[in-house]
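Visitor: Here it is, the structure, as structure tokens.
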Amino acid sequence: ALVVVGDGSPSSSGTADAPILLHDCFVRVYAERTAPQPAVATTMLWVRADHVVVDHAWLWRADHDSTAHFTDGENPVQHALEVDGRFVTVYGLFAEHTLGDLTRWRGEDGAVFLYQSELQYDAPPPVWPHLGYNVTARHHRALGVGVYCYFFDEVTVHEGIHAADASGIVHSFTHLLDGGGAIQSVINGRGGAVSATGQGSYVCSS
């Protein structure tokens, strides 16, 4: 990972009274087209510590430069954010264009307030088998979770969001900006498909 918070041990964690704070965290995977080496990463931000507060993070696999869009998986990175720590809270999380699940949240008792994501523009057809927001923790809260898509090809995604227990996720939605393909459901198979330019689908509570 490009940025790692903690090592999974108690000594590397914050506390409820004194959490670890990250402010305005911007991580980008990008290389000039003429660079001798490609930009390659597995994860942009990996939170392994407990009791962490992130205030605004933009995690971006570069999808374009000043001349054109990148295609064929250039600037490869699998995940924008992975969370294994407990009691991790993020205010304003923006994740874009990774080749796998944009966010993977495994740590218990986490919370996100405002999540905006865009799936991989250059996803290979016919099916992109990943998620914009993937929560395997049993106790998780999120308010305002949005997954957008703009596929260059006819690509289908089964759902934008999946959660082991979706009861804590409120106001989730998907939106097709332009391009081809579709997201078939919003969260855990609920919510209508988006398959036309400008179309959105909402699930107010899960």
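The values are calculated or read from the model by the stated rules, or taken from the named source; none is laboratory data. Not measured: the values here are computed from a predicted model. Every residue, glycine as well, gets a Cβ built from its backbone with ideal geometry; the counts of neighbours run over all protein chains shown. Side chains included, ligands, DNA and RNA excluded: accessible areas come from the protein's heavy atoms. Shrake-Rupley method; radii C 1.70, N 1.55, O 1.52, S 1.80 Å.
Visitor: Within region 100-114, count every residue that is surrounded by fewer than 19 Cβ atoms within 10 Å (Cβ to Cβ) and of a type outside the set (Asp, Glu).
Guide: Kept after step one, since they are surrounded by fewer than 19 Cβ atoms within 10 Å (Cβ to Cβ), are these residues of region 100-114: 100, 106, 108-109, 111, 113-114.
If we keep only those that are of a type outside the set (Asp, Glu) too, we end up with 100, 106, 111, 113-114.
Total satisfying the criteria: 5.
Visitor: Please work out if Ala39 is in a loop (DSSP other than H, G, I, E, B) and of a type outside the set (S, T, N, Q). So that I can check it myself, show each step before the final result.
Guide: Details: in a loop (DSSP other than H, G, I, E, B): yes; of a type outside the set (S, T, N, Q): yes.
Yes.
Visitor: Looking only at region 115-148, count how many residues are within 14 Å of Phe94 (Cα to Cα), of a type outside the set (D, E, K, R) and surrounded by 18 or more Cβ atoms within 10 Å (Cβ to Cβ). Lay out the reasoning, then the answer.
Guide: Restricting attention to region 115-148, the residues satisfying the condition of being within 14 Å of Phe94 (Cα to Cα) are 115-120, 132-133, 142-148.
Of the ones still in play, those that are also of a type outside the set (D, E, K, R) are 115-117, 119-120, 132-133, 142-148.
Checking which are surrounded by 18 or more Cβ atoms within 10 Å (Cβ to Cβ) leaves us with 115, 117, 119-120, 132-133, 142, 145-148.
Total meeting the criteria: 11.
Every residue, every condition in (1) within 23 Å of Gly168 (Cα to Cα); (2) in contact with a Leu (Cβ under 8 Å, 6 or more places away or on another chain); (3) not charged (D, E, K, R), yes or no:
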{"position": "Glu74", "(1), (2), (3)": "no, no, no"}
{"position": "Glu82", "(1), (2), (3)": "yes, yes, no"}
{"position": "Leu102", "(1), (2), (3)": "yes, yes, yes"}
{"position": "Arg106", "(1), (2), (3)": "yes, no, no"}
{"position": "Leu114", "(1), (2), (3)": "yes, yes, yes"}
{"position": "Pro125", "(1), (2), (3)": "no, no, yes"}
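Visitor: Okay, next question. Residues in region 61-68: is at least one open to solvent by less than 70 Å² (accessible area, probe 1.4 Å) and modelled with pLDDT of 95 or more? Lay out the reasoning, then the answer.
Guide: Pass one, region 61-68, residues open to solvent by less than 70 Å² (accessible area, probe 1.4 Å): 61-63, 65, 68.
Restricting the remaining residues to those that are modelled with pLDDT of 95 or more gives 61-62.
There is at least one residue in region 61-68 that is open to solvent by less than 70 Å² (accessible area, probe 1.4 Å) and modelled with pLDDT of 95 or more.
Visitor: Right, next: Among the residues of region 155-206, how many are closer than 24 Å to Arg106 by Cα and either part of a strand (DSSP E or B) or among the β-branched types (Val, Ile, Thr) (or both)?
Guide: Count: 17.
Visitor: Testing Phe113 on (1) of a type in the set (Phe, Trp, Tyr); (2) closer than 23 Å to Asp178 by Cα; (3) within 15 Å of the chain's Cα centre (by Cα), one condition comes back false. Which one is that?
Guide: Looking at each condition in turn, Phe113 falls short on (2).
Visitor: Give the residues of region 151-179 that are out of contact with any Ser or Thr (no Cβ under 6 Å at 6 or more places or on another chain) and open to solvent by less than 10 Å² (accessible area, probe 1.4 Å), sorted by residue number.
Guide: If the condition is that a residue be out of contact with any Ser or Thr (no Cβ under 6 Å at 6 or more places or on another chain) and open to solvent by less than 10 Å² (accessible area, probe 1.4 Å), then Phe151, Val155, Val157, Ala163, Ser172, Leu176 are the ones that fit.
Visitor: Looking at region 25-49, which of the residues that are at pLDDT 95 or above and of a type in the set (S, T, N, Q) is most open to solvent (accessible area, probe 1.4 Å)?
Guide: Of everything passing the filter in region 25-49, Thr42 is most open to solvent (accessible area, probe 1.4 Å).
Visitor: May I pose another question? Which fully enclosed strands (runs of 3 or more DSSP E) of region 89-148 have 1 or more residues being closer than 19 Å to Tyr202 by Cβ and either touching a residue at least 60 places away in the same chain (Cβ under 8 Å) or in contact with a Lys or Arg (Cβ under 6 Å, 6 or more places away or on another chain) (or both)?
Guide: Here the list is empty.
Visitor: Oh, and also: If a residue has to be within 15 Å of the chain's Cα centre (by Cα) and hydroxyl-bearing (Ser, Thr, Tyr) to count, how many in region 159-206 make the cut?
Guide: Residues flagged as within 15 Å of the chain's Cα centre (by Cα) and hydroxyl-bearing (Ser, Thr, Tyr) within region 159-206 amount to 2.
Visitor: I've got another one for you. In this structure, is Ala57 free of Cβ contacts under 8 Å to residues at least 40 places away in the same chain, within 22 Å of Asp101 (Cα to Cα) and of a type outside the set (Phe, Trp, Tyr)?
Guide: Details: free of Cβ contacts under 8 Å to residues at least 40 places away in the same chain: yes; within 22 Å of Asp101 (Cα to Cα): yes; of a type outside the set (Phe, Trp, Tyr): yes.
Judged against the criteria, Ala57 is a match.
Visitor: Follow-up. Look at Val4 and say whether it is touching a strand residue (DSSP E or B) at 6+ places or on another chain (Cβ under 8 Å) and surrounded by fewer than 20 Cβ atoms within 10 Å (Cβ to Cβ).
Guide: Spelling it out, Val4 is indeed touching a strand residue (DSSP E or B) at 6+ places or on another chain (Cβ under 8 Å) and surrounded by fewer than 20 Cβ atoms within 10 Å (Cβ to Cβ).
Visitor: Within region 71-97, which residues are more than 12 Å from Val29 (Cα to Cα) and either touching a His at 6+ places or on another chain (Cβ under 6 Å) or open to solvent by 50 Å² or more (accessible area, probe 1.4 Å) (or both)?
Guide: Passing the criteria: Thr71, Asp72, Asp84, Arg86, Phe87, Tyr91, Gly92, Phe94.
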